[in-house]
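Note sheet for the following structure.
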Amino acid sequence: MASRFNPAKADARWQKIWDETGTFRAADESPRPKAYILEMFPYPSGRIHMGHVRNYTMGDVLARYRRMKGFEVLHPMGWDAFGMPAENAAMERGVHPGEWTWANIATMRAQLKRLGFGLDWSRELATCDPAYYGHEQALFLDLFEGGLVYRRQSEVNWDPVDMTVLANEQVIDGRGWRSGALVERRKLDQWFLRITDFADELLTGLDALDDWPEKVRLMQQNWIGKSRGMRFRFRFAVPPHSGEAGFEVFTTRPDTIFGASFAALSPDHPIAQALAQRDPAVAAFIAECKKGGTTAAELETAEKKGYDTGLEVVHPLDADWRLPVYIANFVLMDYGTGAIFGVPAHDQRDFEFATKYGLPIRRVVAASAEEADKPVEGEAENGDGVIVNSRFLDGLDVEAAKAEVVLRAEADGWGEGTTVWRLRDWGVSRQRYWGTPIPIIHCETCGTVPVPRDQLPVKLPDDVAFDIPGNPLERHPTWKHVACPKCGGQARRETDTLDTFVDSSWYFIRFASQPGDRPYDQGVAQSWLPVDQYIGGVEHAILHLLYARFWTRALKRIGRLEVDEPFRGLFTQGMVTHETYRAADGRWLNPDEVETQDGRLVEVASGGPVETGRVEKMSKSKRNTVDPEPIVDQYGADAVRWFMLSDSPPERDLEWSEAAIQGAWRFVQRLWRLTAEGLGAAEAGGIENAPLRRKLHQTIAAVGANIEALAFNKAVANLYELANAIEKAPPSETRREAIEVMIRLVAPMVPHIAEEAWAASGGDGLVADAPWPEADPALLVDDKVTIAVQINGKLRDTLTAPKGSPREALEQMALASEKVARALEGKPPRKVIVVPDRLVNLVA
Ligand code: ANZ
Ligand code: ZN
C-alpha cells in the first residue's frame with residue numbers, strides 16, 4: 001500500500017468503477033426490502049454550494065448504509081430546472097433560458113459526481129425537459145377532469161410601464177424591479193388547484209407523521225390554519241341606494257362584540273363596488289387601494305386607509321347602537337365574507353385604523369375585572385383575560401364568552417358559528433415563459449378545451465426574445481394560435497405556465513417509476529413510495545411540502561396512486577455558515593480576499609484592514625461563500641464529506657473553517673496509515689484482545705444506530721474513538737479484524753478511501769456492496785454491574801461487580817464493605833438475601 005492516500009487519483013478511479021458497474025442503480029424487481037432516500041433536488045443556479053454538499057452528504061451516508069444493511073435503495077438525483085433566474089439571465093445576458101439551464105446542469109452534475117455520491121444517475125430528470133413536463137401536463141389534465149382544477153379571476157402585480165405581470169419577488173418596495181414604476185394590482189383569469197378541498201385531511205394527516213420535525217408539523221398546521229369563527233349579519237340603519245338590507249361579517253372573536261366601534265367592507269365587496277358606481281369619490285378611493293403589490297408582507301405593513309361611506313349598521317345586540325361603515329384597504333375580499341366589525345382595543349389593524357380616524361377604543365378584555373377602566377394605549381391588546389364592559393358577558397373568560405355569543409346569535413337567528421381555514425386554493429398560473437405550459441386551449445365557441453393527450457407535450461417554443469419585458473409566449477407570432485381540438489375553429493393556447501412548485505410536487509413519483517408513455521407506473525411507484533427519508537432545507541417546510549402532500553392526495557382521490565403521504569420521514573438540516581469580512585470602506589470581502597498578516601486580518605489586494613463580522617449563512621450578498629470545488633481539488637471528496645458530518649449536529653448550523661477541513665483531511669490520512677500499517681502488522685500477532693473486541697462491537701452498534709437516527713456527528717465521534725483504541729492496541733488478530741470492520745463502518749461516510757483500503761485488505765468486490773458488520777449482542781452489554789447493598793431494606797452502599805458473579809462472591813464483597821461493617825457494629829447478620837446482578841440485603 002502507498003504511504004499516503006491520494007484522493008486526486010483514488011476519487012476518480014472509484015467513481016468510474018461505481019458508474020461502470022451500476023453499483024447504485026435501483027432495481028424495481030428486487031426481492032430485497034426497499035428503501036427510498038431522497039434529498040430535495042437542486043435548482044440549477046450555476047454551481048454547487050456548501051449547502052448542497054452538506055445536504056447530499058447526509059442523504060448519501062444513509063443511502064449507502066441502508067444498502068449495506070441489505071436494502072434495495074433508491075437514491076436519485078435531478079433538477080428543479082424551471083423558474084425566474086433563467087429568465088433573468090436571458091434578460092441580462094441574452095442567453096436562452098434553456099441554454100443557460102442545461103449548461104448549469106452539466107456543470108453541477110460534474111461537481112456532484114466528484115463528491116462520490118452513490119446516486120442512481122440512470123433516473124436523472126430535469127423538470128424543464130419536455131420528457132418530464134409533458135407528463136406533468138397529463139397529470140394536470142387528470143386533475144382537471146377530476147374536478148380539482150378551476151379558473152377564476154385573481155389579482156396579480158401589474159407593472160404599468162413595462163405593461164407586464166410581475167412575480168412577487170420582482171416587486172421591490174412596491175415598485176417594478178426593472179421599470180421602477182409603482183406596481184398596481186390587476187385582475188386576471190388564472191388557474192387554481194382545489195387544495196382547500198383537502199384542508200381537513202392535510203391537517204389531520206400531520207398527526208401520523210411521527211418522523212417529521214415537530215416545528216415543521218406546526219408550521220404546516222398554522223399555514224392550514226383551522227379556527228372556530230362566527231358569521232353574522234349587520235342590518236343597515238338606512239339601506240343604501242343599491243337596496244341591500246345589510247351584509248355579513250366574519251370574526252374569530254365574537255367575545256369582543258361589545259368592543260366594536262366600526263364596520264368595514266373590502267374595496268372589492270359588492271356593496272363597495274355598487275357605491276363606487278354612483279360616487280366618484282368612492283371609485284377613486286378603491287382605485288387608490290389597488291396600488292401596491294400583492295405580497296402578504298406588503299398588505300400587512302401597508303398604511304391602513306379607509307373611506308367613510310356615511311352608512312350605518314345596527315349593533316346586533318343593541319337596536320339603539322349604530323356603527324359607521326367604512327371601506328378599508330386591509331379587508332380582503334377572499335377571506336371570510338370580505339367584511340368585518342372593528343375592535344380597536346383588541347386588534348392591531350383596527351387600532352391603527354381607529355387612531356387615524358378618531359374612532360372609540362373601548363376595552364372589553366382585561367387582565368382582571370379591576371382593570372376594566374384602564375385605557376388601551378400604544379397598541380392593541382390581544383391577550384387572554386376576563387370580559388369587561390360587555391353587559392351579560394362581563395366576568396366570563398374569552399372562550400366562554402365566544403361560546404355565549406354564538407349561542408345567542410344562533411338562538412336569535414342573526415349569526416352562526418363556523419369553521420374557517422386560512423389555507424387558500426393554490427393559484428398555479430404564472431405569466432412567464434420558463435415553466436410548464438398549461439395544456440389548455442381557449443375557443444370562443446367551445447370555451448376551455450384540454451389539449452388532446454396525443455398532442456402532449458405542449459412544448460415551449462425555442463425562438464423567443466427577452467429584449468422586451470413580459471411573457472414571450474404572449475407575443476410569439478405563431479405559438480398561441482391553434483385550431484380548437486373540438487370544433488376546429490381558430491383558438492388560442494393558454495400562455496400561462498405552471499408555478500414551479502407543481503414541478504416539485506410529483507418528481508419523487510417520477511423518480512420511482514419513469515415509463516416513456518405515461519407519468520409513472522402505479523404499481524412500481526407504489527412499491528417505492530412513500531419516501532422513507534426526505535432531507536432538505538427548512539425553507540421548504542411550508543409550501544413545497546404542503547403542495548407535494550396535496551398532489552399525492554389529489555392523485556389518490558382520482559384513483560391514480562394508493563399513497564397518503566409522500567414523505568414518511570423528514571429531516572431539515574442546518575445551514576453552512578462562515579465569518580463575514582468587511583473592508584474599511586464597508587465592502588464585503590470573500591474569504592479568498594483576506595489573509596492574516598502579523599496576527600491581523602488584511603485585504604490581500606490592498607493590504608488594508610479587515611473587520612471580522614458575524615458568522616452567517618453563506619450567501620452571495622455577504623460574500624462569505626466558500627466554493628466547494630477548489631476544496632475538493634485540494635483535500636479530496638472524503639475529507640469534505642467527513643467535515644460536513646463531523647462538526648455539528650446535522651440540524652444545527654455548521655461553521656465552515658479552514659482548520660476543521662484540515663482536521664478532516666488529517667483523519668482521512670490517519671485512517672490510511674492505520675489500515676496500511678495495521679493490516680501488515682497483523683501477521684505478527686495472533687492473540688485475542690477482549691477489550692478491543694468489545695469496543696469494536698459497541699462501535700458497530702453505535703455507528704449504525706446513530707446513522708439511523710441521522711446523528712452523523714455522533715457516528716463520527718464513535719469512529720474517532722475506535723480509531724484511537726485501534727492505534728493504542730498492540731498487534732493481534734483482533735486488531736486486524738477491527739481494522740477490517742472499521743473500513744466497512746467508515747464506508748458510507750468516506751467511500752473512496754474505504755474502497756481503496758478494502759481492496760488493499762483483500763476484501764471481496766466493492767465495500768459499497770459489502771454487508772454491514774453485525775454486532776455481537778453478547779459484547780454489547782456492559783460486563784460490570786452495580787450491586788445495591790442494603791441492611792434491613794435500607795441502602796447502605798453500592799458495589800461494582802463482574803456481571804454474573806456468584807452469590808457467595810457478592811455476599812463476601814458486601815460484608816467486606818466498611819460502611820456495612822460500621823452499620824452492623826461487628827455483629828454478623830442474621831440472614832443474607834442475594835439477588836444476582838442486583839442487590840445484597842443483610843438482615844441484622
Ligand atoms: C373582530 C375582532 C376582534 C377580530 C378582535 C380580531 C380581533 P384570523 O384570526 O387571522 O383568521 N377579518 C375577517 N375577515 C377579514 C378579511 N376579509 N380581511 C381582513 N381581516 C378580516 O383573522 C380573523 C379576524 O380578522 C377576524 O376577527 C376579523 O377581525 C378579521 F379583537 O373580528 B376579527
Ligand atoms: Zn371550439
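Let a ≥ b ≥ c be the square roots of the eigenvalues of the Cα gyration tensor of the range 464-508; is it rounded (a/c under 1.5), or, if not, prolate (a/b larger than b/c) or oblate?
On the way: a/c = 3.68, a/b = 1.24, b/c = 2.97.
The shape class here is oblate.
Shown for the range 333-437 is the translational diffusion coefficient from the Stokes-Einstein equation, using the Kirkwood radius over Cα pairs, a temperature of 25 °C and a viscosity of 0.890 mPa s: 147 µm²/s.
Any of K290/K622; K16/K69; K9/K34; K9/K617; K617/K695 with alpha carbons more than 28 Å apart? Name them for me. Intermediate values should be presented prior to the final figure.
Working: K290/K622 35 Å; K16/K69 24 Å; K9/K34 33 Å; K9/K617 33 Å; K617/K695 38 Å.
Listed pairs above 28 Å: K290/K622; K9/K34; K9/K617; K617/K695.
Shape class of the range 236-298 from the alpha-carbon gyration tensor: oblate, with a/c at 1.5 or above and b/c at least as large as a/b.
Over all Cα atoms in the range 89-239, the spread is summed up by Rg and Dmax: 22.5, 76 Å. Considering only V781, G765, A747, and ranking their Cα positions along the charge dipole of the range 739-781 that arises from unit charges at the beta-carbon of Lys, Arg, Asp and Glu, the one farthest toward the positive end is V781. Straight Cα distances below 28 angstrom link K819 to the lysines K784, K794, K803, K827, K831, with same-chain residues fewer than 8 positions distant left out. Measuring nothing but alpha carbons in the range 408-558 and taking Rh as the Kirkwood radius, the Rg to Rh ratio lands at 1.09. Ranked by the mean number of other Cβ atoms within 10 Å of their residues, highest first, the peptides 275-284, 777-786 fall in the order 275-284, 777-786.
Under 13 Å from the Cβ of V789, count the other residues' Cβ atoms, weight Lys and Arg +1, Asp and Glu -1, and hand me the total. It would help to have the intermediate numbers written out before the result.
On the way: positive: K794, R796, K819, R822, R838; negative: D797, E811, E818.
Surrounding charge for V789 is +2.
Residues whose amide H comes within less than 5 Å of that of V604, counting only those at least five positions distant or on another chain, are V594, E595 (H built at 1.01 Å from N in the peptide plane).
Placing unit charges on the Cβ atoms of the charged side chains and taking the dipole of the chain about its Cα centre, the candidate lying farthest along the positive direction among V428, N792, T256 is N792.
Normalised by 2.2 N^0.38 Å, with N the number of residues, the alpha-carbon radius of gyration of the range 707-798 equals 1.55. Taking the 1.4 Å solvent-accessible surface of the range 1-160 as the whole, the part contributed by carbon and sulfur is 51%. What helices does the chain hold that run 30 Å or longer along their axis, going by alpha-carbon atoms, with a Kyte-Doolittle average of -0.5 or more, using DSSP H for the helix calls? Taking the DSSP H segments of the chain (at least 30 Å long, mean hydropathy at least -0.5), we get 658-681.
Each listed q (0.19 Å⁻¹) maps to a log10 I(q)/I(0) for the range 123-177, found by the Debye formula over equal Cα scatterers with no solvent: -0.84.
For the range 597-718, which whole percent of the accessible surface, found with a 1.4 angstrom probe, sits on carbon and sulfur atoms? Intermediate results must be reported in sequence, preceding the final value.
Values: 2800 of 5700 Å².
The computed percentage sits at 49.
Every Cα-Cα pair of the range 282-397 was included, and the share exceeding 26 Å stands at 28 percent.
Report the net charge of residues surrounding T294, where surrounding means a beta-carbon distance below 9 angstrom and charges are Lys +1, Arg +1, Asp -1, Glu -1. Please list the in-between numbers first.
Values: positive: R185; negative: E155, E298.
It works out to a net charge of -1.
With the charge dipole of the range 460-530 set up from +1 on Lys and Arg Cβ and -1 on Asp and Glu Cβ about the Cα centre, the Cα lying farthest toward the positive end among the listed residues A465, A512, C484 is that of C484. Averaged per residue, the chain has 44 square angstrom of accessible surface, using a 1.4 angstrom probe with ligands and nucleic acids left out. Note on the range 86-148: Cα Rg divided by 2.2 N^0.38 Å, N the number of residues, gives 1.51.
What shape does the range 634-704 have by the C-alpha gyration tensor, where a ≥ b ≥ c are the square roots of the eigenvalues, rounded means a/c under 1.5, and otherwise prolate means a/b greater than b/c and oblate the rest? It would help to have the intermediate numbers written out before the result.
Values: a/c = 3.88, a/b = 1.65, b/c = 2.35.
Since a/c reaches 1.5 but b/c is at least a/b, the shape of the range 634-704 is classed as oblate.
For the range 1-111, the calculated P(r) over all alpha carbon pairs, in 5 Å bins from 0 to the bin holding the longest distance, is 2, 10, 14, 17, 18, 14, 11, 8, 4, 2, 1 percent.
Could you give the size of the charge dipole of the chain about its Cα centre, using +1 on the Cβ of each K and R and -1 on the Cβ of each D and E, expressed in debye and rounded to the nearest 20? Write out the running numbers ahead of the final one.
On the way: 99 positive and 122 negative charges, 265 e Å.
Taking the Cα centre of the chain as origin, the dipole is about 1280 debye.
Give a quick list of GluC sites (Glu not before Pro) in the range 609-704 that DSSP marks as loop, anything other than H, G, I, E or B, with at most 16 other Cβ atoms within 10 Å. In loop regions of the range 609-704 (DSSP not H, G, I, E or B), the sparsely surrounded GluC sites (Glu not before Pro) are E651, E688. In this structure, the amide hydrogen of Q790, modeled 1.01 Å from its nitrogen in the peptide plane, lies closer than 5 angstrom to those of R796, V840, N841, L842, counting only residues at least 5 positions away or on a different chain. How large, in percent, is the carbon and sulfur part of the accessible surface of the range 486-580 at a probe radius of 1.4 Å? Its accessible area is 46 percent carbon and sulfur atoms.
Any idea what the dipole of the range 77-132 comes to, in debye rounded to 20, about its Cα centre with Lys/Arg Cβ at +1 and Asp/Glu Cβ at -1?
Values: 5 positive and 7 negative charges, 56 e Å.
For this selection, approximately 260 debye.
Remark: the A8-A788 segment gains 274.9 nm on full extension, using 0.36 nm per residue and subtracting the alpha carbon distance.
What does the charge count near A167 come to, summing +1 for each Lys or Arg and -1 for each Asp or Glu among other residues with Cβ under 13 Å from its Cβ? If you can, show how the numbers build up before the last one.
On the way: positive: R178, R430, R432; negative: E87, D159, D162, E169, D496, D499.
Residues near A167 contribute -3 overall.
Basic side chains Lys and Arg get +1 at the Cβ, acidic Asp and Glu get -1 at the Cβ, and with that the dipole of the range 481-574 about its Cα centre reaches some 360 debye. Note on the range 780-844 and the range 596-643: Cα centroid distance 61 Å, given to the nearest whole angstrom.
Most tightly packed first, judged by the mean number of other beta-carbon atoms within 10 Å of their residues, the peptides 388-395, 399-406 read 399-406, 388-395.
Can you tell me the alpha carbon radius of gyration of the chain divided by the globular rule-of-thumb value 2.2 N^0.38 Å?
Numbers: Rg = 34.4 Å, N = 844, 2.2 N^0.38 = 28.5 Å.
Output field value: 1.21.
When the alpha carbon gyration tensor of the range 179-290 is reduced to an equivalent ellipsoid, the three semi-axes, largest first, read 36, 23, 14 Å. Filter the cross-link list K486/K556; K187/K356; K187/K215 down to pairs whose alpha-carbon distance in this structure exceeds 32 Å. Beyond 32 Å: K187/K215.
The values are calculated or read from the model by the stated rules, or taken from the named source; none is laboratory data. Note that the coordinates shown come from a computational prediction; the quantities given were computed from them, not determined experimentally. Neighbour counts are summed over all protein chains in view; Cβ atoms, including those assigned to glycine, are modelled from backbone coordinates with ideal geometry. Surface areas here come from the heavy atoms of the whole protein model, side chains and all, with no ligands, DNA or RNA. Shrake-Rupley method; radii C 1.70, N 1.55, O 1.52, S 1.80 Å.
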